Amino acid sequence: MLIYKIFRADEYAAFDASGESAGAPVDLADGYIHLSTAEQVKETAAKHFAGETGLMLLALEADTLHALKWEPSRGGQLFPHLYRPLRRADMLWARPLPLRDGVHDFGGLA
């Protein structure tokens, strides 16, 4: 099952340069990396990244991530939370998440 991480441009640049990341400021504050399923990622973008440009969408395979826990969050939904640094080797792909007419364009992903 594919799951997703949204990074701001500077967060992705730091991840790309070092090969791993402990996450965005919210991830550091909460002690785990926030991820979303395909069904959740649009709402995540709208709620936490509204109007932001320069975002990157990363795809990960949930079945291969050790230290991944599914925990209740927004509306009681189970969200994937990664309790270790995210590594470049975890990433299947990354692509820009453009803003079109005020909404992030997932290109048919979700």
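The values are calculated or read from the model by the stated rules, or taken from the named source; none is laboratory data. Treat the numbers as computed from the prediction; the structure is a model and nothing was measured. Don't worry about glycine lacking a Cβ; one is built from the backbone with ideal geometry, like all the others, and counts go over all protein chains shown.
Residue by residue, here is whether (1) of a type in the set (A, V, I, L, M); (2) in contact with a Leu (Cβ under 8 Å, 6 or more places away or on another chain) holds:
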{"residue": "Met1", "(1), (2)": "yes, no"}
{"residue": "Phe7", "(1), (2)": "no, yes"}
{"residue": "Glu20", "(1), (2)": "no, yes"}
{"residue": "Gln40", "(1), (2)": "no, no"}
{"residue": "Gly54", "(1), (2)": "no, no"}
{"residue": "Glu71", "(1), (2)": "no, yes"}
{"residue": "Leu78", "(1), (2)": "yes, no"}
{"residue": "Arg84", "(1), (2)": "no, no"}
{"residue": "Ala89", "(1), (2)": "yes, no"}
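If you check Asp90, Asp63 for being charged (D, E, K, R), surrounded by 13 or more Cβ atoms within 10 Å (Cβ to Cβ) and either within 14 Å of Leu2 (Cα to Cα) or within 12 Å of the chain's Cα centre (by Cα) (or both), only one passes: Asp90. Can you tell me which residue is farthest from Ile33 (Cα to Cα) among those in the range 66-79 that are at pLDDT below 95 and surrounded by 14 or more Cβ atoms within 10 Å (Cβ to Cβ)? So the residue we want is Gln77.
Looking at the range 1-49, the helices (runs of 4 or more DSSP H) lying wholly inside it that each contain 1 or more residues that are out of contact with any Lys or Arg (no Cβ under 8 Å at 6 or more places or on another chain) and touching a residue at least 60 places away in the same chain (Cβ under 8 Å) sit at 9-18, 41-48.
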